[in-house]
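Please read through the structure below; I'll follow up with questions.
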Amino acid sequence: KIERGDIIQRAQTEWHFIVLSSKLNEAYQTELAELKEKVEQLKTYDSETWESLKNFWSKVQGQVRERNLFREHANSLRDNTNALFDRLKSLRTALDSEFQNLSKTHLEDFMKTLDEIETRVTKGLNLQSVFDELKSLQRQFRDTKLTREHRSKVWERIDKTFKDVKERRFGPNANNDGSPSVRLKRRFDGLLAAIEKMNRSIIRDKSDLEFQNKKVASSDGQLEAQIRQAKIKMIEERVSSKEEKLSEMMKTRQELEKRMKDLEKKEAEEVEKEKVRAAQKAAKEKIKEQMKQAEAQRENDSEKLEKAAEAIVTPEAPKVTPPKTEVPKNTPPDESIMDALANTMGETLEDVVDTAKAVAIVMGDKISDAIKDFSKDDDEDKAAEASKEEE
């Protein structure tokens, strides 16, 4: 019979915790061994392995804070993990150097293309084609691997060229930050960045969830199994919430893409309307100029008509009775036919021509009748003289 049963009970409880903690340490050591084998097989830097190692060390730190691992176990895991981190850092340094050279090459290609585009913009050659080419270049820029510095330089050039093209196409107010197209584009770019971050976060959580599901079956002891089940549940809830948010973001993206297409269509229609208005304005100016020329031609024809009428009505011509025309009552007797004609002349050139023709015809008929009458009187006088001589 024991004297202190509480001591025996506490020792049993502590021994159970020690066993579970040791099993947890063994599980982490096994996982770390797998990561070490994977890292040693790498010839180039792998971001997924880096993320896996970060997630592993995060889990270890959580267990250390909760005091589920003994100090010596935690120190051993930390030293081995740091060694793997150093190996990956060395691989990343080599990759960064290679990536820097590749980014520099891409930067030169982009700058060369943008120089050619800016030359065409300066000359004003087919701005619509240049605008489409810039959009294609922008999509290519998003998929090209560049350093942060090089990416910033290329984006500044692309943005500047876009603004130059818009200013030449739509006027100086096209690049106003308050315009709907600029605000919509800024919102769309921000949404794309948020979607990309959310996708990366979901991928990391699913990787962690897959690892926990693999390890839960091999858990030794109730404590470790309960810990892993709790972590799995938390990760599942987190992934579900993020996927729901991502679904909403994708719907918003589709709406923004549709609005951007509609806005681009509207801008294209505005350009066409502006072209039509410019053509109409040019046509009006041309018609106005033709009217001025026609008016000058009418004045010239009027002068020629007056001269022709004066040539028809000369002082030597016999006086004949002109046709009845609406002549003012106070017209002097010696007023010329051309003066009367001028008083009856209409406001248009057609009326003047018709009146002149009528006067000419009437005058011609009257003159012919006068000549016939004169000849008839002359014959009668000669016949009378002859009869007198005979008497």
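Using only alpha carbon positions, build the gyration tensor of region 1-56, then give the equivalent ellipsoid semi-axes as the square roots of 5 times its eigenvalues, largest first, whole angstrom. Let's see the in-between values first.
Working: eigenvalues 376, 17, 4 Å².
They are 43, 9, 4 Å, listed largest first.
Considering only protein heavy atoms, what per residue accessible area in square angstrom results for region 69-217 with a 1.4 angstrom probe?
Using a 1.4 Å probe on heavy atoms only, each residue of region 69-217 averages 62 Å².
On to the next question. Please list the radius of gyration and Dmax for region 245-300, considering alpha-carbon atoms only, with Å as the unit.
24.3, 82
Any idea what log10 I(q)/I(0) is at q = 0.16, 0.21 Å⁻¹ for region 32-132, Debye with uniform C-alpha scatterers and no solvent?
With no solvent term, the Cα-only Debye profile gives -0.77, -1.03.
Quick check: the distance between the Cα centres of region 96-162 and region 206-269, to the nearest angstrom?
Cα centroid of region 96-162 versus Cα centroid of region 206-269: 33 Å apart.
Which order do the peptides 67-76, 299-308 come out in when sorted by mean C-beta neighbours inside 10 angstrom, highest first?
In decreasing order of mean packing, 67-76, 299-308 become 67-76, 299-308.
The values are calculated or read from the model by the stated rules, or taken from the named source; none is laboratory data. Keep in mind the model is a prediction, meaning the values are calculated, not measured. No Cβ is skipped: glycine too gets one built from the backbone with ideal geometry, and neighbour counts run over all protein chains shown. Surface areas here come from the heavy atoms of the whole protein model, side chains and all, with no ligands, DNA or RNA. Shrake-Rupley method; radii C 1.70, N 1.55, O 1.52, S 1.80 Å.
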